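Here's the structure, in structure tokens; my notes come after.
Nothing in this text is a laboratory measurement; each read-out follows from the coordinates by a stated rule. These numbers come from a predicted model, not from an experiment. Virtual Cβ from ideal backbone geometry, glycine too; neighbours counted across all protein chains shown.
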Amino acid sequence: MPRILIEYASAKGSTEGIARKIGECCEQMGVDTKIVSVEQDSDFDGFDAAILGSAVHDRDWLPSARTAVDRLLAGKQVPPVWAFSVSTWGETSTLLAHRLTRRIRATAREPNTVARLRSGSDLRDHRQFAGVVRRGDWPLFGRCVFALMGGKYGDARDWSDIEHWAEGIVANLRNELED
Ligand SMILES: Cc1cc2nc3c(=O)[nH]c(=O)nc-3n(C[C@H](O)[C@H](O)[C@H](O)COP(=O)(O)O)c2cc1C
């Protein structure tokens, strides 16, 4: 049975919710899954794959997620990695105006921490998911910028896209372990 470690960094809980949904899907598909916050300093040794996800603040992963990446890359045996970022926009849903989202999808650079993962590990995929923004999350300036971007407060997590991504990871891992 494959073993997967899922680590998440979440400031307000939406990334944690996505990590838990991914974990549920993996378990339903018969994978031995451990889900922890990056703060828990878990050891990556002994896992067939790691799934790392973080909320995006100021276009990069949270500092605690950057530390987790350092820990992963310093390990003796670095497992294959799948990464996800949670922000105002995703591949299939968004909190921003649709036209702006299309432009961002076409031009956005991946977060620096993901680029570091890509160069230092066997990063199999990086997926961008839309998360949650509540009115109280930002000070006035941030709320004004959000309004100018056509932002709508709420929960834009696309659970079926998240499930689909998790199923793909398990299928990929199974094929590989069977070979
Ligand atoms: C201080 C702060 C900075 C943020 N910076 C960005 C950003 O640069 N780009 C973006 O698309 N979303 C940004 N967001 C939106 C968050 O990524 C989004 O709300 C996400 O769902 C947060 O995940 P969490 O609930 O796990 O903390 C920011 C949110 C906060 C509170």
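Cβ-Cβ distance of Glu163 and Asp125, R₀ of 22 Å, FRET efficiency by 1/(1 + (r/R0)^6): the value works out to about 0.90. What the phi angles of the range 87-96 give under the Karplus curve with 6.51, -1.76 and 1.60, with θ = phi - 60°, is a coupling list of 8, 6, 9, x, 5, 10, 8, 7, 9, 9 Hz, glycine and proline written as x. Taking the average, over residues, of other Cβ atoms within 10 Å as the packing measure, peptides 111-119, 135-143, 149-157 rank 111-119, 149-157, 135-143 from highest down.
Looking at the range 1-107, the trypsin sites (Lys or Arg not before Pro) that sit in a DSSP loop and have at most 15 other Cβ atoms within 10 Å of their own Cβ are Lys12, Arg59, Lys76. Only beta bridges with both residues in the chain are counted; by DSSP, about 15 percent of them are antiparallel. Principal axis extents of the Cα atoms in the chain, from largest to smallest and rounded to whole angstrom, are 50, 30, 27.
Over the Cα atoms of the range 61-121, each weighted equally, I'd like the Debye log10 I(q)/I(0) at q = 0.12, 0.21, 0.24, 0.27 Å⁻¹, rounded to two decimals. Calculated log10 I(q)/I(0) at the listed q: -0.38, -0.86, -1.00, -1.14.
Less than 5 angstrom separates the built amide H of Ile35 from those of Ile6, all sequence-distant by 5 or more or on a different chain. What is the list of residues in the range 3-25 whose amide nitrogen lies under 16 Å from a point 7 angstrom out from the Cα of Thr67, following Cα to Cβ? Residues 7-11 fall inside that zone. Here the Karplus curve 6.51 cos²θ - 1.76 cosθ + 1.60, taken at θ = phi - 60°, turns the phi angles of the range 131-144 into couplings of x, 10, 10, 9, 3, x, 6, 10, x, 3, 4, x, 5, 5 Hz, with x standing for Gly and Pro. Going 7 Å from the Cα of Asp41 toward and past its Cβ, which residues in the range 53-69 have a backbone nitrogen under 17 Å from where you end up? So the set is 64-69.
For the pair the range 109-140 and the range 1-17, the centres of their Cα atoms are 13 angstrom apart.
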